[in-house]
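Shown next, in structure tokens, is the structure this report addresses.
The values are calculated or read from the model by the stated rules, or taken from the named source; none is laboratory data. Since the model is a prediction, treat every value here as computed from it, not as a measurement. Glycine gets a Cβ as well: all are built from the backbone with ideal geometry, and neighbour counts include every protein chain shown. The protein model used for the area step is the full one, side chains on, heavy atoms only, and it has no ligands, DNA or RNA in it. Shrake-Rupley method; radii C 1.70, N 1.55, O 1.52, S 1.80 Å.
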Amino acid sequence: MKAWQHFKTITHHKRLVMEGCFRVGLYWQGLTHDLSKYSPTEFRVGAKYYMGDRSPNSAERQELGYSTAWMHHKGRNKHHYEYWTDLNLQTGRYESVPMPRKYLVEMVMDRRAACMTYQKERYTDASPLEYFVRSKEKRIMHPELEKQLGFLLEMLKDKGEKETFRYIKEEVLRGRPFPWEAAEKTEKQDEKINL
């Protein structure tokens, strides 16, 4: 029974992400989002620890001190910031690196869908931002990504899906600068003129 409930939950989540990705033109990412959740490594854990109101990976982590499913998942899905880490040759430490925008957008859709899936009727456009603000992930997320993600989730909260998805499609995915990037560019141009 838990396996069937888990299957329905991950399929519902995947459908919500797919719909969001399609709305902004990320068709391939919408179709292929989270396919690894159906793999034996991830699905078995999901079925065993299924709760319905949060990720089964949390329960596995509580029991073992780590999550095998999560380690498998984050290494195969580029919309997770944890995927975007590498060894910094200068510091000798693994550090975050910038995430390409198409995966940033998929991350927004993923977080929105996760909140919708687990919160059900309690979901609001503010839910993904509230989760992000409460999380401790900002400590290891690349600063540029943290700023971009926060901006888009704030926009979702304040302006709703229609305006946020329009902005994503017409600005973010076309590589146009975020507002603070445009301001920094203008400042640099002004400095060159004043020299």
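A few comments on the model shown:
- Applying a threshold of 7 Å to beta carbon distances and a minimum spacing of six or more residues, or different chains, the list of pairs starting in the range 121-147 at a residue that is hydroxyl-bearing (Ser, Thr, Tyr) and ending at one that is open to solvent by less than 20 Å² (accessible area, probe 1.4 Å) and at pLDDT 95 or above reads Tyr123/Cys115; Ser127/Cys115; Tyr131/Cys115.
- Annotation note: of Glu130, Glu154, the sole residue that is surrounded by fewer than 17 Cβ atoms within 10 Å (Cβ to Cβ), part of a helix (DSSP H, G or I) and in contact with a Cys (Cβ under 9 Å, 6 or more places away or on another chain) is Glu130.
For every residue, the table says whether it meets (1) among the aromatic types (Phe, Trp, Tyr); (2) assigned to a helix (DSSP H, G or I); (3) modelled with pLDDT of 95 or more.
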site: Trp4; (1), (2), (3): yes, yes, yes
site: Thr11; (1), (2), (3): no, yes, yes
site: Trp28; (1), (2), (3): yes, yes, yes
site: Leu31; (1), (2), (3): no, yes, yes
site: Ala59; (1), (2), (3): no, yes, no
site: Met71; (1), (2), (3): no, yes, yes
site: Asn77; (1), (2), (3): no, no, yes
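- Flag for Ser135 being open to solvent by 20 Å² or more (accessible area, probe 1.4 Å), hydroxyl-bearing (Ser, Thr, Tyr) and in contact with a strand residue (DSSP E or B) (Cβ under 8 Å, 6 or more places away or on another chain): no
- Search result, residues across the range 12-58 that are of a type in the set (A, V, I, L, M), closer than 17 Å to Thr68 by Cα and open to solvent by less than 60 Å² (accessible area, probe 1.4 Å): Val45, Ala47
- Candidates Arg139, Arg134, Arg122: the one that is over 11 Å from the mean Cα position of the chain (by Cα) and more than 16 Å from Arg54 (Cβ to Cβ) is Arg139.
- Being without any contact (Cβ under 8 Å) to a residue 12 or more places away in the chain and closer than 30 Å to Phe178 by Cβ holds for only one residue in Tyr94, Tyr81, and it is Tyr94.
- Cβ-Cβ under 6 Å pairs, at least 6 apart or on other chains, the range 1-23 side within 10 Å of Tyr50 (Cα to Cα), far side of a type in the set (Ser, Thr, Tyr): Lys2/Tyr50; Gln5/Tyr50; His6/Tyr50
- Any pair with Cβ under 7 angstrom, 6 or more apart, that starts in the range 154-168 at a residue that is at negative phi and ends at one that is part of a helix (DSSP H, G or I) and of a type in the set (Ser, Thr, Tyr): Met155/Thr164; Met155/Tyr167; Leu156/Thr164
- Hits in the range 162-171 - residues which are among the charged types (D, E, K, R) and either in contact with a helix residue (DSSP H, G or I) (Cβ under 8 Å, 6 or more places away or on another chain) or outside any helix (DSSP H, G or I) (or both): Glu163, Lys169
- The set of residues from the range 79-118 being outside any strand (DSSP E or B), open to solvent by 40 Å² or more (accessible area, probe 1.4 Å) and among the aliphatic types (A, V, I, L, M) comprises Leu89, Val97, Met116.
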